[in-house]
1. So THR235 fits all but one of (1) more than 20 Å from the chain's Cα centre (by Cα); (2) open to solvent by 30 Å² or more (accessible area, probe 1.4 Å); (3) closer than 23 Å to GLY104 by Cα; (4) among the hydroxyl-bearing types (Ser, Thr, Tyr); what number is the exception?
2. Which of the numbered conditions does THR206 fail, given that it passes all the others? Conditions: (1) of a type outside the set (A, V, I, L, M); (2) in contact with a strand residue (DSSP E or B) (Cβ under 9 Å, 6 or more places away or on another chain); (3) not in a strand (DSSP E or B).
3. Pairs needed: first member in the stretch 49-62, more than 11 Å from TYR223 (Cβ to Cβ); second member anywhere, assigned to a loop (DSSP other than H, G, I, E, B) and among the β-branched types (Val, Ile, Thr); C-beta distance under 6 Å; at least 6 residues apart or different chains.
4. Which condition from (1) among the aliphatic types (A, V, I, L, M); (2) open to solvent by 40 Å² or more (accessible area, probe 1.4 Å); (3) at pLDDT 95 or above; (4) touching a helix residue (DSSP H, G or I) at 6+ places or on another chain (Cβ under 7 Å) is the one that VAL46 breaks?
5. Can you tell me how many residues in the stretch 96-141 are crowded, with 17+ Cβ neighbours inside 10 Å, farther than 18 Å from ALA189 by Cβ and small (Gly, Ala, Ser)?
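The values are calculated or read from the model by the stated rules, or taken from the named source; none is laboratory data. Model, not experiment: these values are computed from the prediction. Backbone-built Cβ (ideal geometry, glycine too); neighbour counts: all protein chains shown. All accessible areas refer to the heavy atoms of the entire protein, side chains included, with ligands and DNA or RNA removed. Shrake-Rupley method; radii C 1.70, N 1.55, O 1.52, S 1.80 Å.
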Amino acid sequence: MRAIAQRAGLAAGLLAFAGGAEAASITQGALTVTVRDDNGAIGAVVFNGVDFFNHGSAVSDWGMSEGLDFQRRTPTGGLGVLPTTTVTLAGAAITVNTTFNGLGVLREYSIVAGIDALRTTTTVTNNSVTTRTVGLFDAFDPDQGVPGGFGFGTANDVIDIVGPPALQAVQATAPNSMTSFLGGPSAVAGFQDGVIDIADAIELGTFLLFPFDPNGLVQDIGYAIAYFLTLPAETSVTVSFNQGFGLTPADAAAAFVAAATNPANQPPPPPVVDVPEPASLAM
């Protein structure tokens, strides 16, 4: 299984991160997030002194697909040649500007004010004259039990969150009770059955159609969140998701729910893009 192969060694994974590109960092309370300058991927999410995703073979990927065209940005540099990426630290947020198959991609990483939660917002812009359909995903391998000597396994489940709005989230709890929640509106959230990442367009499509729910199973697998985005000509689409972190499942759930359901903590609405009428285009 690929999950086993990716466990080539804790030391190798940490060295790969330490020897990589410089990273921009934001900190609030017990939560620190770093984003790599070379690929716009999360390099580390540290809560209460523990890195949740950077043990073994680090997995905190994001990427996009269009048909079989696939791009994956990993903490260790990604696969193939990546387009030009600009990472900017602006106050309490980190922004990433890049492209995918001619589409503009703007990402923002921020820590929700007063809450142990990371928000990731992505705006994809289609400047062409035809409708485009793409997949967008983020994948993580929660390993927060490793520093305490509890191993790589977490208890994993898909949870229904009740509130305005109602949504699903995924939960990963280590044997030391450290927990992370992940979810977002209109998103598919779940696990990859038997593996810890999304490696190609076929795996992304399979995940979007059939996300795995371990129902509390303790296993070393990754969780992911993904979207199918339909982009009409000359428009932008914005999606956003949250990750809550805690020393216990209750703490992580409370952080996630506060970030996801409190209107004061919602990201601003995406800008309205005016699409010219056919007559205006003809003129």
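1. Going through (1) more than 20 Å from the chain's Cα centre (by Cα); (2) open to solvent by 30 Å² or more (accessible area, probe 1.4 Å); (3) closer than 23 Å to GLY104 by Cα; (4) among the hydroxyl-bearing types (Ser, Thr, Tyr) one by one, THR235 breaks only (2).
2. The single condition THR206 does not satisfy is (2).
3. Qualifying pairs under 6 Å: ASP61/THR74.
4. (4)
5. Matching residues across the stretch 96-141 total 1.
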